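Notes for the one structure printed next.
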Amino acid sequence: MKNEIIWITGASSGIGKELAIQFIKSGRMTAVSSRNNDLLVKLKENAGEYKEFLKLVPCDISNPGSVEEAVNNISKEFRIAGLINNAGITSFKPAADDSIEEIEKIIKTNLLGAIYAIKNVLPGMINSKKGTIINTISVTAKKVFTNSSVYAASKSGLLSYTDVLREEVRKYNIKVINVLPGATKTPIWPNSSLEKFSERMMSPNDVASMILNLYTIEGTAVPEEITLRPMKGDL
């Protein structure tokens, strides 16, 4: 029987990077993906004694072929017991200013990319009759924020998709957990916003700690959706 592994997308920075660090420090085999292989290599170089728990899997989550190749790569050695869909991009522009190219890139990464990942890990989880899928979504899926129309569309789309998925896979003992974070101090924000608001934002470390705790919960209770906000509220 293959050893289990958790696969984290968008792991080269921000919440994904902190998730990778915390999961390997908990002694769990962890596969990490990003389009930026150099940052993944740096992550492993800085992992110290925990390097053995880290598997680097470069992947363009917006490309279905790349996602399939990544899952095949991981599955040669491991059974994917958990997927954390964390990759995400945005534009911080009014809807009128977003180009078609930008719109497609955001939707392909945030919505379709997560669906590609789910579709590729789901057969193995169904076969094993267990698994955990955690989606890092956003409070924008439920609350209106200007200059985030496409991002909100991608996140609310993923929320709806995975809410339906959850009902369909309960019979296979697969958990689907949606995490909706508010403003978090990550590189997704422009420098001007970080300089102005960083003291009011959540730290990626704190968000990652919460997600790790959600992943490790066992028993008859399942945390299906949780909203995380900065102590002082939304920006």
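Read the figures in this text as sums done on the coordinates, not as results from a lab. Every value quoted in this text rests on a predicted model; they were computed, and no experiment measured them. We place every Cβ from the backbone using ideal geometry, glycine too, and count neighbours over all the protein chains shown.
What the table shows:
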quantity: Given charges at beta-carbon only (K, R positive; D, E negative), |dipole| of the chain in Debye; calculated: 480
quantity: Segment 45-50 - phi-based ³J(HN,Hα) in whole Hz, Karplus 6.51/-1.76/1.60, Gly and Pro as x; calculated: 4, 8, 7, x, 5, 9
quantity: Ordering of 218-230, 59-71, 181-193, 22-34 by packing [mean C-beta count within 10 Å, highest first]; calculated: 22-34, 59-71, 181-193, 218-230
quantity: Under-5 Å amide H pairs with E4, H placed in peptide plane, nonlocal only; calculated: R79
quantity: Charged-residue dipole, Cβ positions (Lys, Arg, Asp, Glu), segment 126-235 about Cα centre, Debye nearest 20; calculated: 80
quantity: Built amide H within the under 5 Å cut-off of V176, gap 5+; calculated: I133
quantity: Table column - 3J(HN,Hα) (Hz), segment 204-214, Karplus curve with 6.51, -1.76, 1.60, x for Gly and Pro; calculated: x, 4, 5, 5, 4, 4, 5, 5, 4, 4, 5
quantity: Inter-label distance, nm, simple model (7 Å from Cα along the C-beta direction), Y161/L39; calculated: 2.1
quantity: Protection proxy ranking of 1-8, 168-175 - average other beta-carbon atoms within 10 Å, highest first; calculated: 1-8, 168-175
quantity: Nearest-ten-degree value, helix 113-128 long axis tilted from longest Cα axis of the chain; calculated: 20
quantity: C59 long-range amide H proximity, modeled H, under 5 Å; calculated: S34, R35
quantity: Among L54, S34, S66 the positive-end extreme of the charge dipole of segment 31-104 (Cβ point charges); calculated: L54
quantity: Protection proxy ranking of 157-166, 48-57 - average other beta-carbon atoms within 10 Å, highest first; calculated: 157-166, 48-57
quantity: Crossing angle, helix 64-75 versus the chain [Cα axis fit, 0-90 degrees, rounded to tens]; calculated: 40
quantity: Relative contact order for the chain, counting Cα pairs under 8 Å that sit 6 or more residues apart, in percent; calculated: 20
